[in-house]
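J.: Structure below; questions to follow.
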Amino acid sequence: MAFNWLKKKKSDPEISENPPAETPQPVEVNEKIGYFQRLKQGLSKTRQGFGDVFLGKKKIDGDTLEDLEMLLLSADVGIETTETLIDAINRKIKRNEVNDSDALHQALHTHMCEILTPFAEPLDVSTQQPFIILMTGINGAGKTTTIGKLTQQFKNDGKKVMLAAGDTFRAAAVEQLKAWGERNDVPVIAQNTGADSASVAYDAVQSAQARNMDVLIIDTAGRLHTQDHLMEELKKIKRVIQKVAPDAPHETMLVIDAGNGQNALRQAREFDAAMQIDGITLTKLDGTAKGGIIFAITHALQRPVRYIGVGEHIDDLRVFNAQTFVDALLYKE
């Protein structure tokens, strides 16, 4: 197949139960709009164009498959996955199993679900106590907001949650995490701006153990995957917390902004090479036409997608479900 058009100093730890910081105010859930509807709306930019391939086509020909190939690639599905999908559909065409747009739609749906389903593995935080999650990713990917939303979800499930403000480079990051702690009524371990982030993580693990917490979420400074010295600091955090919890972190979660497209794929590869990522959270799917990057990332990393984010609502961060995702992506109006 041809793809011609592409290719410091430690400070004393502070436990903040009710920090005097401005509380984040994400948009509350509108229960009149179901999650599938919000997911469908969120993926609308990625979905645009698929309708033209499926609409009113009584005969499937080479031009149809070429149009589909271009749409998949432009959505950042990736070369390998696109080739897999097109080849599978071609085989069905040769067996006369696909001969109109409805059959093409169903075949694409089936094969997309087959590709993504093995990576729809929910995060189980009940396997350890405390279950320690280390959050990583670049600035602007939505790490801290994801932490806040996960905290609320875990609390709603009856879990005792603690947060650690490991992004000590920016005072605003510490205050933002404290504000999420206040919003969710959970303790936050923090030190002064410029403190050693590894020491914050170390103190947090000890405190979570002593206080019988169910979940500890450690925030880290956003960094580019090309910043070797900061990637080394992430490795240091991991080494330090293993001194008090040898099997920790139990989940190293990479938060990826879907709008970054192929750059997100490069980030994922570099972070995984440095940190051995356990799971992925894909955010901002509602703001991009590149939502197909989920196929490219799972193909490259062979790691599960834990959560996807499709909006600013508290409830718009959801456990990834392959069937629901593909239903929304290929929804025909």
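J.: Roughly how many debye, to the nearest 20, is the charge dipole of segment 120-329 about its Cα centre, given +1 on each Lys and Arg Cβ, -1 on each Asp and Glu Cβ, and no other charges?
T.: Dipole size: approximately 220 debye.
J.: If you average the C-alpha positions of segment 239-264 and of segment 111-146 separately, how far apart do those two centres end up, in angstrom?
T.: So the separation of the two Cα centres works out to 9 Å.
J.: To the nearest 0.05, what FRET efficiency results for D157 and S74 with a Förster distance of 51 Å applied to their C-beta separation?
T.: According to the calculation, E is roughly 0.85.
J.: In what sequence, highest mean first, do 280-289, 93-102, 237-246, 256-265 appear when ranked by Cβ atoms within 10 angstrom?
T.: Output ranking for 280-289, 93-102, 237-246, 256-265: 280-289, 256-265, 237-246, 93-102.
J.: Would you indicate which of (i) 38, 23, 17; (ii) 41, 20, 16; (iii) 31, 24, 21 is the value of semi-axes √(5λ) of the Cα gyration tensor in Å derived from the coordinates of this structure?
T.: (ii)
J.: Rounded to the nearest 5, what % of DSSP beta bridges with both residues in the chain are antiparallel?
T.: 20 percent
Computed from the coordinates by the stated procedures, all read-outs in this text should not be read as laboratory data. Treat the numbers as computed from the prediction; the structure is a model and nothing was measured. Glycine gets a Cβ as well: all are built from the backbone with ideal geometry, and neighbour counts include every protein chain shown.
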